[in-house]
């Protein structure tokens, strides 16, 4: 199973969800590969790794390295990462001229698929070539949605893009659900946005990810929230989200 975490809007908690969902699923016994497909490299840095220490997603995409060569162990047992390097920023332009450009990531990851129970792809905040590669490679999409009004504006375009990819490039792609992030139950706005999202998307996950200082601090220490402060509200929320995803995958915790 390959799950892409996608939303063309930035700052919605996509990378935070990729890191912490991956770590919680690894804690439950899955071997997880996190693919950092965002040129900003925040998932790589958030797990305490330097994307310049060797090959990464860029080299794998253009065929200069195999995924197995570029993959690294993280601080979390059973969680591995294909890191982003600075060169990935140029991939949007370079991939356009390559044959089969939409399927390069799918072909690269297929060679290592048997090593992992799950792959998570952290997409960039755009609907460009890197995100397209992630959607073609994936079986499933999870969309993090910030509990603010403007976060709703781009959802329609994202759903249209998923439909186009499904029709033309990846018939097996499905929208597994939306994850409400940065939720503040004290505000009417968060409650209204959450209600609106659930009204339009019944497959929204039950778990909501709260605004939490400890969650914001964790990446600066290169740790997922379960290693930094598992007892925090955010730590408990990501454990609950992981349990929902495990149920969706039909897997039992180890």
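Just so it is clear, none of the values below were taken in a lab; they were calculated from the coordinates. Because the structure is a prediction, the values reported are computed rather than measured. A quick note on method: Cβ atoms are made from the backbone with ideal geometry, for glycine too, and the neighbour counts reach across all protein chains shown.
Below, the figures for the structure above:
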item: Candidates 99, 14, 236, ranked by Gaussian network fluctuation over the chain, Cα under 10 Å, top entry; result: 99
item: Size descriptor, Kirkwood hydrodynamic radius, that averages inverse alpha-carbon separations across the chain, Å; result: 18.0 Å
item: Average Cα contact separation per residue, the chain, under 8 Å, 6 or more apart, as relative contact order %; result: 26 percent
item: Within the chain, helix-based [θ] at 222 nm, where runs of 4 or more DSSP H residues each add -39,500 (n - 2.57), nearest 500; result: -11000 deg cm²/dmol
item: Label-point gap, in nm, between residue 52 and residue 200 - each point 7 angstrom along Cα→Cβ; result: 4.1 nm
item: Mean projected area (nm²) of the alpha-carbon convex hull when the range 1-82 is viewed from all directions; result: 5.5 nm²
item: 10 Å-binned pair-distance histogram of the range 138-210 (Cα, whole percent); result: 20, 50, 24, 7, 0
item: Among 232, 97, 216: highest mean-square fluctuation, GNM of the chain, C-alpha pairs under 10 Å; result: 97
item: Which of 171, 101 has the fewest Cβ neighbours within 10 Å, and the rest in rising order; result: 171, 101
item: Along each principal axis, Cα extent of the range 39-178, largest first, Å; result: 38, 36, 29
item: Selected from 56, 222, 172 as most flexible by GNM, with the chain as the system and alpha-carbon contacts under 10 Å; result: 172
